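To keep things clear, I will list the structure first and then write my remarks on it.
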Amino acid sequence: MLVDRSNAGAAIEGFFAGEGLAERTRFVGGDFLSDDFGDGFDLALVGNLIHNLGEAGSRALLHRLGDRMAPGGRVAIKDIAVQDDRLAPTSAGRFAVSMAMFTDGGGVFPASEAAAWLADAGFAHESTTDLSRAPGSYLVVGRKR
Ligand SMILES: C[S@@+](CC[C@H](N)C(=O)[O-])C[C@H]1O[C@@H](n2cnc3c(N)ncnc32)[C@H](O)[C@@H]1O
């Protein structure tokens, strides 16, 4: 199941179809900060969302997931890597500027910060990985306590 705004449905379903995944995937349109999208999940991927949502929105989403995961369920946050001091790499700094211009509170957040938000939402830190197939990105995984 992939949740995004309803107007993203045609593009997402087209992508699934192009990858031969139409039978194994389901798009659910709505607002993941307010709509009911079910519960009892074993795994949720928060992919490229926290740079868009910013701290308040990301924390709200992670808390909603904390209430909806199955016991032991995992949340994986994939986003753009930046050092803890946010001074490098410069590409992340440039991206943060565009997020500041075009989103409400978005930016670039270090993996350590994403892990802290997960912990606050009830997830024990399981791993942080530099992604080789998405260079300049991290994957932080937390497990529902
Ligand atoms: C940077 S894109 C990432 C898209 C996709 N997850 C990916 O990794 O390619 C951010 C997405 O978040 C969606 N989005 C932002 N706020 C949302 C909300 N409150 N409810 C549902 N979708 C939202 C936008 O429509 C947009 O498609």
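Inside segment 5-22, residues that are out of contact with any strand residue (DSSP E or B) (no Cβ under 7 Å at 6 or more places or on another chain) and of a type in the set (Asp, Glu) make up a count of 1.
The single residue among Ala17, Ala116, Ala22 that is away from the ligand (no atom under 15 Å from the Cβ), in contact with a helix residue (DSSP H, G or I) (Cβ under 8 Å, 6 or more places away or on another chain) and open to solvent by 50 Å² or more (accessible area, probe 1.4 Å) turns out to be Ala22. Scan segment 127-142 for residues that are out of contact with any Leu (no Cβ under 9 Å at 6 or more places or on another chain) and either in contact (Cβ under 8 Å) with a residue 24 or more places away in the chain or open to solvent by less than 50 Å² (accessible area, probe 1.4 Å) (or both) and jot them down. Those that are out of contact with any Leu (no Cβ under 9 Å at 6 or more places or on another chain) and either in contact (Cβ under 8 Å) with a residue 24 or more places away in the chain or open to solvent by less than 50 Å² (accessible area, probe 1.4 Å) (or both): Ala134, Gly136. Scanning segment 80-108 for residues that are away from the ligand (no atom under 12 Å from the Cβ) and in contact with a His (Cβ under 7 Å, 6 or more places away or on another chain) turns up Gly107, Val108.
Exactly one residue out of Asp85, Asp79 is assigned to a loop (DSSP other than H, G, I, E, B) and acidic (Asp, Glu), and it is Asp85.
Could you go through segment 66-79 and let me know if any residue there is free of Cβ contacts under 8 Å to residues at least 40 places away in the same chain, within 16 Å of the ligand (Cβ to nearest atom) and either open to solvent by 40 Å² or more (accessible area, probe 1.4 Å) or more than 18 Å from Ala116 (Cα to Cα) (or both). Among the residues of segment 66-79, at least one is free of Cβ contacts under 8 Å to residues at least 40 places away in the same chain, within 16 Å of the ligand (Cβ to nearest atom) and either open to solvent by 40 Å² or more (accessible area, probe 1.4 Å) or more than 18 Å from Ala116 (Cα to Cα) (or both), which makes the answer yes.
Tell me, please, whether a residue that is of a type in the set (Ser, Thr, Tyr) and surrounded by 14 or more Cβ atoms within 10 Å (Cβ to Cβ) can be found in segment 80-90.
No, the conditions are met nowhere in segment 80-90.
Restricting segment 1-10 to residues that are within 19 Å of the chain's Cα centre (by Cα) and either of a type in the set (A, V, I, L, M, F, W, C) or surrounded by 13 or more Cβ atoms within 10 Å (Cβ to Cβ) (or both), the residue that is farthest from the ligand (Cβ to nearest atom) is Met1. Scanning for something in a helix (DSSP H, G or I) and open to solvent by 40 Å² or more (accessible area, probe 1.4 Å), does segment 28-40 turn up at least one residue? Checked against the condition, which is being in a helix (DSSP H, G or I) and open to solvent by 40 Å² or more (accessible area, probe 1.4 Å), segment 28-40 yields no hits at all.
The values are calculated or read from the model by the stated rules, or taken from the named source; none is laboratory data. All figures in this text were calculated on a predicted structure; none of them were measured in a lab. Positions of Cβ are backbone-derived with ideal geometry, glycine not excepted, and every protein chain shown enters the neighbour counts. All accessible areas refer to the heavy atoms of the entire protein, side chains included, with ligands and DNA or RNA removed. Shrake-Rupley method; radii C 1.70, N 1.55, O 1.52, S 1.80 Å.
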